[in-house]
Amino acid sequence: MATFKPSHEGYVPGQLTLPQKYYVSEEIWNRENEKIFNKYWICVGHVSRIPGAGDYYLFDVLDEKLIIVRTKKGEVKALFNVCRHRGTLVCDSIPEDQQKPVDEETGHTNSFQCPYHAWTYDLEGNLISATKFMKGVPGFKLQDHPMGSLPVHVWQGFIFVNFGKNPEPFEKQYKGLIGRFDKWQMGRARSFKRITYSIETNWKYVFQNFNECYHCPTQHPLLNSRIDYTGSLNDLTEGPVLGGYFDILGDSMTTSGKFSAIPLADLGDDLNRAYYYTVFGAGLLLNIHGDYVMFHLVVPVAPGKTIVISEWLFNPEAWSLPGFNPEDAVEFWDITNLQDWHLTRIAQQGVRSRDYKPGWYSPRESLLESFDRFYLEELK
Amino acid sequence: MATFKPSHEGYVPGQLTLPQKYYVSEEIWNRENEKIFNKYWICVGHVSRIPGAGDYYLFDVLDEKLIIVRTKKGEVKALFNVCRHRGTLVCDSIPEDQQKPVDEETGHTNSFQCPYHAWTYDLEGNLISATKFMKGVPGFKLQDHPMGSLPVHVWQGFIFVNFGKNPEPFEKQYKGLIGRFDKWQMGRARSFKRITYSIETNWKYVFQNFNECYHCPTQHPLLNSRIDYTGSLNDLTEGPVLGGYFDILGDSMTTSGKFSAIPLADLGDDLNRAYYYTVFGAGLLLNIHGDYVMFHLVVPVAPGKTIVISEWLFNPEAWSLPGFNPEDAVEFWDITNLQDWHLTRIAQQGVRSRDYKPGWYSPRESLLESFDRFYLEELK
Amino acid sequence: MATFKPSHEGYVPGQLTLPQKYYVSEEIWNRENEKIFNKYWICVGHVSRIPGAGDYYLFDVLDEKLIIVRTKKGEVKALFNVCRHRGTLVCDSIPEDQQKPVDEETGHTNSFQCPYHAWTYDLEGNLISATKFMKGVPGFKLQDHPMGSLPVHVWQGFIFVNFGKNPEPFEKQYKGLIGRFDKWQMGRARSFKRITYSIETNWKYVFQNFNECYHCPTQHPLLNSRIDYTGSLNDLTEGPVLGGYFDILGDSMTTSGKFSAIPLADLGDDLNRAYYYTVFGAGLLLNIHGDYVMFHLVVPVAPGKTIVISEWLFNPEAWSLPGFNPEDAVEFWDITNLQDWHLTRIAQQGVRSRDYKPGWYSPRESLLESFDRFYLEELK
């Protein structure tokens, strides 16, 4: 059972913010690539986008283009979007006649055919046809030319991939997650909306901004009206997974303050709590409420550029019930997100100055201290 | 006399596509600059743009800005667009009152005057006036300050320049061209249209794409309706000039399938053939038909960026004859070009992946194998 | 008393323009940063923007963001726009309710509050509040965390800052300025208009273009109608400050040719003269006329990119008098500026060519020779 304590417990007076180089230097960026991005399991979305065999979507991360697909066996595969013939993108976009009405960014297909010369792969990425001209070519065998793929792990419906040579087991890397959120049954939740934001900031500012509510009274009048920003309680305060919860003032974190949907599951006391967790390395930030989950995928693009993809999940039964008002939850966070991204942008602009020097964290930023300590240890 | 053979003859089973670095690395790009771009004669257009003395146009290549001009002696000169006074562009654009009605991108002038301080050069690039203030300056002589120029060679109306220190003779570098196309009398053909395309791809993908019709059935429904894509016959299959021809189904390679103009010359059997040739180093891709020539100038800008300028030439007598329908030819290739540029873009996107590895060419891509072999040899 | 001589006196026949690298190379740019930009006093504007205590504006220079503010003591401060807490920009823009009606780019405030966590600084940059959570944190003292600042020198109303470690005294660096322009009382002049131009050129081309009128007859028909371009007389012809004057044909340098305002002061013979001076290192170009001053701030951004901010100052009493027609002066220079920036752009485009080589200055460009000599000496 998780033990929660006030967020200022664990605060280390005098621990300073990270030096400038961690936000701007190419050398640090290269080390992050080696020690973090190519070592940790990275979240690339939620299974609710691809419920059926042949459902797929495209995902860009670490300068790579991936196809995330549900195979005929019902497994999730992550294929590199590269034809084995001449290297062309096999899917440059989802063809109109393959798009699923529920979500224009999800496709459905029985196979992947490269548009260049029609080399064709099954949903597992095996080459099943290379046109008649390759038949009889001495030494050429279809089975020698499957698409590349990455190992996949699914946790509570969230899909993770790993770019490392010898990936650590998911359960070892993210011990704090295991069993921690079973109650919410996020694996069966269904996606309502996805918004992609492009931010001129370092990825760590997005994590750090998420890990404190010290800025809530001045910057988030709406959010701040639903919580007592000094009342957060944390349970995971060291390691790659950090976070805790607020008691919600009112029903839920929505613009109206009312529930936007039926509960995700039978939640007891947790119905009126707003849980927040960051998953280091995975780029996953979780906002778990009684009636919905809003998660961010934080995709580092360059030292000063980050893509954030935010997605809203609800109880799949909510769609057919009266009172389902998901836009109430979407609007709440879209407003809050835009306020946050602005803060991360002006943090990035300031840190580039020759005048920047590491400053004192406040007691309300103890999770940022934990994040920095863990980050520096991993970067070694 | 040329000997033609089916395009799969000469195919080497197991020769693989080029490794990734040849499409993305700055180091390779620098070697290409030294070993290819600054060694080979480069095509910069066709004489039909500058029929009369004083006609000129501007051309950008290898980060240089050139003025291509017809002198009073009737010769073609390629001048560097750099004033000998303070280095300013002598022509930053073609002044409105110098533009020729036939083609707004061609100018006409008796001399080039730098806009900064009115230093003035004749059509040969000799400094003929430096304003009154330079008169009497000890040691200053007009004849010491001509504009820089490049050696020029004109072949069948196509203008080539050479950036090398000791250029090889044109005839030695492009032996395969000499005498090969005299019959079409391209030197007297007249330009109807020019289109400039900007493509996020490596220049070699444009060459490779041009050298095979393996992708025609899936990608070029219009083009494919005018040829049997398996029926190509090649004669130049090794060295810097590669290509052959298709028999055309119907009259010509036009949207309607009919001739767009009278023949370029007396062509006999070649009236209904579509010849295609690539000229390595020159950036010249030729599509020669009975009733018109469409050529591409392939201008490398960066490892991942290429400019292609496509131009359509017709028999100069066609303009005054009934049935002249040049847009029928322009549209046919503009449609086809856009399909091709898309393929070269997604090839470039795919090759950047860590998952890319060289793949097997098919028997229909033997000219690409030849191109790669020649390219690698030249790059040494 | 200044001694003036014709502008061709001091001309050195055969001194050549600068080699290419000085306009394009990153290495030279880095040396300029060390030897010039971070050594010389840089002009960042004129005091007329911030007449009262608490008035402030934002200024970007050398990749730094500054706040220029008038303190309660009436002094001008230049603060780095970086919060001491987590490095965020304290002012990312001037809030609407702080904008002064006279000029939307000037703000007014009693203190600077960081938008992130409300840490608050007084007009001197002292931290005066860090929210309740920092109270009682062991070792944390407000006085240890002031905003960073730069030394400021005000000369004739122009505000200069210095990024160097041990700045030379202003009077020593710009000896030629001291006492030279007291008569015009520029320190009490008032700003009417400010225009920002972005130019793809090297900063030195802006200086060099300003220092000669050899290009006036061909490029500036309007300007040239107000002066005899061969009649310039220079007094400061060596060192960091260079320039002289023209006699004006007509009243003033305005589109109409008439005075746009009452004189700046009691000027005697200087009422009808157009003085022009460049201040090396400061990025300051001065055009001083009887009825107004137009100055440029030349802000180097990259070897091939420069920002120029032009501003027009008038006698503060002119506003309330009949016949005040400041747009007549603004239009005159805006027309002229755009012509000049175009010339500096095509100079930059030409100098990048492999064909560029240093050329001969004319006798009318003696100040450019002086500029180059001084520049090369400083760069050593």
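The values are calculated or read from the model by the stated rules, or taken from the named source; none is laboratory data. Computed from a predicted structure; not experimentally measured. Note that we place each Cβ from the backbone using ideal geometry, even for glycine, and neighbour counts take in every protein chain shown. With ligands, DNA and RNA removed, areas are computed over all heavy atoms of the protein, side chains included. Shrake-Rupley method; radii C 1.70, N 1.55, O 1.52, S 1.80 Å.
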Given a 1.4 Å probe and every protein chain left where it sits, what share in percent of the accessible area of region B:57-106 is carbon and sulfur? 41
Ordered by packing density, taken as the mean number of other Cβ atoms within 10 Å over each peptide's residues, highest first, how do C:314-326, C:78-90 rank? C:78-90, C:314-326
Isolated Cys residues of the protein assembly as shown, judged by Cβ distance under 4.7 Å to other cysteines: A:C43, A:C91, B:C43, B:C91, C:C43, C:C91
Rounded to the nearest angstrom and ordered from largest down, what semi-axes does the equivalent ellipsoid of region B:1-63 get from its C-alpha gyration tensor (root of 5λ)? 34, 24, 9
When N counts the residues of region A:135-283, how does its alpha-carbon radius of gyration compare numerically with 2.2 N^0.38 Å, as a ratio? 1.39
Mean per-residue count of partner chain Cβ within 10 Å for B:111-121 equals 4
Radius 12 Å from Cβ of A:N325, net charge of other residues (Lys, Arg +1; Asp, Glu -1): -4
Going by alpha carbons, how many degrees (0 to 90, nearest 10) lie between the helix axis of C:326-351 and the longest principal axis of chain C? 80
In nm, give the distance between the simple-model label positions of C:D247 and C:D63, each being 7 Å from the Cα along the Cα-to-Cβ direction. 5.1
Surrounding charge for C:E377, neighbours by C-beta under 12 angstrom, Lys/Arg +1, Asp/Glu -1, total 0
Once you order the gyration tensor axes a ≥ b ≥ c over the Cα atoms, which shape class does region A:177-241 get: rounded for a/c under 1.5, otherwise prolate or oblate by comparing a/b with b/c? rounded
Under 23 Å from B:K193, Cα to Cα: lysines that are on another chain or at least 8 residues apart: B:K65, B:K77, B:K100, B:K183, B:K258
Would you mind listing how long region B:13-104 runs along its three principal axes, going by Cα atoms, in whole Å with the largest first? 57, 37, 24
What is the extension gain from B:V301 to B:E377, computed as 0.36 nm multiplied by their sequence separation minus the C-alpha to C-alpha distance, in nm to one decimal? 25.1 nm
Rg and Dmax of chain A, using alpha carbons, in Å: what are they? 21.9, 73
What is the helix-to-structure angle for C:366-379, meaning the angle in degrees between its Cα long axis and the longest Cα principal axis of chain C, kept from 0 to 90 and rounded to the nearest 10? 40
Output row A,B: buried area (accessible, probe 1.4 Å, summed both chains) in Å², nearest hundred, equals 2700
Cβ-vector label at 7 Å, A:L62, separations to other copies in nm: 4.0, 4.0
Accessible surface of region A:237-380 [probe 1.4 Å, protein heavy atoms]: carbon and sulfur percent: 54
Where does each of C:K141, B:K39, B:K380 land when they are ordered by accessible area, with a 1.4 Å probe and the largest first? B:K380, C:K141, B:K39
P(r) of the protein assembly as shown over all Cα-Cα pairs, binned every 10 Å from zero, in whole percent: 2, 9, 14, 16, 16, 17, 15, 9, 2, 0
How big is Rg to Rh over region C:118-172, alpha-carbon atoms, Rh as the Kirkwood inverse-mean-distance radius? 1.17
In chain C, what residue has the beta-carbon at the shortest distance from the axis of the rotation relating C to B, and what is that distance in angstrom, rounded to the whole number? C:E26, 9
On a straight-distance basis, which lysines could pair with A:K35 in a cross-link, Cα separation under 20 angstrom, same-chain partners fewer than 8 positions away excluded? A:K21, A:K165, A:K172, A:K175, A:K204, A:K305, A:K380
With DNA, RNA and ligands ignored, accessible area of C:D270 (1.4 Å probe; Å², nearest 10): 10
Which net charge results when you count Lys and Arg as +1 and Asp and Glu as -1 among the other residues whose beta-carbon is under 14 Å from that of B:E75? +1
Pair-distance profile P(r), taking every C-alpha pair of region C:211-307, with 10 angstrom steps and integer %: 15, 43, 34, 8, 0
Determine the shielding of peptide A:128-135 by partner chains: average, over its residues, the number of Cβ atoms on other chains within 10 angstrom of each Cβ. 3
Suppose you put the label 7 Å out from Cα in the Cβ direction; list, shortest first and in nm with one decimal, how far A:K172 is from each other copy's label. 6.4, 6.4
In region B:106-253, with Lys and Arg counted as +1 and Asp and Glu as -1 at Cβ, which of these residues, B:A118, B:G176, B:M134, has the Cα nearest the positive end of the dipole, that is, farthest along it? B:M134
Distances in nm, one decimal, shortest first, from A:P316 to the same residue in every other copy, taking the label point 7 angstrom along Cα→Cβ. 7.4, 7.5
Can you tell me the equivalent ellipsoid semi-axes for region A:254-339? Use √(5λ) from the Cα gyration tensor, largest first, whole Å. 26, 14, 11
Note: A:212-221 gets an average of partner chain Cβ contacts (10 Å, Cβ to Cβ) equal to 3
Not counting ligands, DNA or RNA, and with a 1.4 Å probe, what is A:R180's accessible surface area in Å² rounded to the nearest 10? 50
Please calculate how many Å² of accessible area region C:139-290 carries per residue, with a 1.4 Å probe and no DNA, RNA or ligand atoms counted. 36
Debye calc, one equal point scatterer per Cα of region A:50-203, no solvent, log10 I(q)/I(0) at q = 0.15, 0.16, 0.19 1/Å comes to -0.92, -1.02, -1.30
